[in-house]
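Worksheet for the structure shown next.
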Amino acid sequence: MAIRLDGQAALVTGAGRGLGRSFALDLARHGAKVVINDYGVGLDGRGGDPSVAEAVADEIRAMGGEAIGNAGNVASHEDAYRMVKAAMDTWGRLDIVISNAGFLRDRTIHNMAEDDWAAIIATHLTGAYNVMHHAWPVFRQQRYGRAVFTSSNAGYLGNFGQSNYGSAKAGLIGLMNVLKLEGDKYNVMVNCLGPGSFTRMTAALMPGDRAAQMSPDLVAPAVTYLCSPDCQDSGYIIEASGGAFGRVAIVENDRVQLSEPTADDVAEHWAAITDLEKARPMWSIRQTLEQHKAEKQQPR
């Protein structure tokens, strides 16, 4: 059955270039109406150009779709409200939120200024909170919603010189894990994406001949599926890069019970304590993912 988003409205932040642009265009090709948000900043988050968002909205309209541009700053609580309001005022609904806006200010921790830390957290992490805070009442009332946060392997694996960026991207995983619980009974699915692609943010790390092989367009299909009614999974971290797709998971093993333990006991049993051979993905602090899915299948 073909994935379709006809009649649905989406908000994509950071949609003026790179990954966000590809996400927005693919949603539109599948029938969604799209609010294109982009503050139009440089690679370091400075400056601003409202024409960046409008250019992608023009692309969608040129191919017969519906889109509006929005040059708001996701780090502003009020601007985030206006993004959601734009969708509601224009189409009367909002079904999809993709929190993708971001930029880089890479520094090793001893060289990182307070502003470099705060600016990255404000856009990547607080920006996701701002948008979801305003979109959530709409999702609850509709009893339907799909959200995708653009995370990064810098968050769940680490990357030298990116303590600000990695912390923000890991924070998005924590936000997802809470919102998957809060949205469960409202048919709101919240997932994270770990993308790899050739964009202006990664151009310095990739040779130019890899641009076509690592196009953002090869990541977008995963996002479109995660944003569709067909997706019934929540709390997943999906990696997508160069047309290859996979899953990263937080897992937990069976704990080793020690009687009146000492540090020496922990050292003695360290291999068993850290053994992940029989570890399984978790849904919450109380349930494995397998237990949660089995519970949901029970007749009510």
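The values are calculated or read from the model by the stated rules, or taken from the named source; none is laboratory data. Please read these numbers as outputs of a predicted model, since none were measured by experiment. Note that each Cβ is placed from the backbone with ideal geometry, even for glycine, and that neighbours are counted across all protein chains shown.
Taking (1) surrounded by 19 or more Cβ atoms within 10 Å (Cβ to Cβ); (2) in contact with a Lys or Arg (Cβ under 6 Å, 6 or more places away or on another chain); (3) farther than 26 Å from Lys185 by Cβ in turn, Ala53 satisfies each apart from (2).
If only residues of the range 160-191 that are over 13 Å from the mean Cα position of the chain (by Cα) and not in a helix (DSSP H, G or I) are counted, the one that is nearest to His124 (Cα to Cα) is Gln162.
Conditions tested, residue by residue: (1) among the hydrophobic types (A, V, I, L, M, F, W, C); (2) farther than 21 Å from His134 by Cα; (3) at pLDDT below 95.
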| site | (1), (2), (3) |
| --- | --- |
| Asp6 | no, yes, no |
| Ala9 | yes, no, no |
| Thr13 | no, no, no |
| Arg29 | no, yes, no |
| Asn37 | no, no, no |
| Gly42 | no, yes, yes |
| Arg46 | no, yes, yes |
| Asp58 | no, yes, no |
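When Arg146 is tested against (1) of a type in the set (D, E, K, R); (2) assigned to a helix (DSSP H, G or I); (3) buried (at least 24 other Cβ atoms within 10 Å of the Cβ), just one condition goes unmet, and that condition is (2). Taking every residue in the range 144-158 that is assigned by TED's automatic domain parsing to the domain that holds Thr126 and under 15 Å from Arg247 (Cα atoms) and pairing it with any residue that is outside any strand (DSSP E or B) and of a type in the set (Val, Ile, Thr), at least 6 positions away or on another chain, the pairs with Cβ-Cβ distances below 6 Å are Val148/Val223; Ser151/Ile173. Every test in (1) closer than 27 Å to Leu175 by Cβ; (2) modelled with pLDDT of 95 or more; (3) part of a helix (DSSP H, G or I) is passed by Val52 save one, and that test is (2). Before we move on, is Arg255 at pLDDT below 90 and either in a loop (DSSP other than H, G, I, E, B) or surrounded by 13 or more Cβ atoms within 10 Å (Cβ to Cβ) (or both)? No.
For the range 234-257, a residue qualifies if it is more than 18 Å from Ala220 (Cα to Cα) and either in contact with a His (Cβ under 7 Å, 6 or more places away or on another chain) or of a type in the set (A, V, I, L, M) (or both), and the qualifying residues are Ala249, Ile250, Val251, Val256.
Here Gly40, Gly16 are screened, and the one residue that is crowded, with 23+ Cβ neighbours inside 10 Å, in a loop (DSSP other than H, G, I, E, B), touching a residue at least 24 places away in the same chain (Cβ under 8 Å) and assigned by TED's automatic domain parsing to the domain that holds Tyr144 is Gly16. If you go through the range 79-112 and keep only what is in a loop (DSSP other than H, G, I, E, B) and buried (at least 24 other Cβ atoms within 10 Å of the Cβ), you end up with Leu94, Asp95, Asn100, Ala101, Gly102. Which residues, counting only those in the range 72-101, are of a type in the set (Gly, Ala, Ser) and either farther than 17 Å from Asp38 by Cβ or out of contact with any Gly (no Cβ under 6 Å at 6 or more places or on another chain) (or both)? Correct list: Gly72, Ser76, Ala80, Ala86, Ala87, Gly92, Ser99. Within the range 228-247, residues that are on the phi > 0 side of the Ramachandran plot and at pLDDT below 95 reach partners that are in a loop (DSSP other than H, G, I, E, B) and surrounded by fewer than 16 Cβ atoms within 10 Å (Cβ to Cβ) with beta carbons closer than 7 Å, at six or more positions or on different chains, in the pairs Gly242/Gln213.
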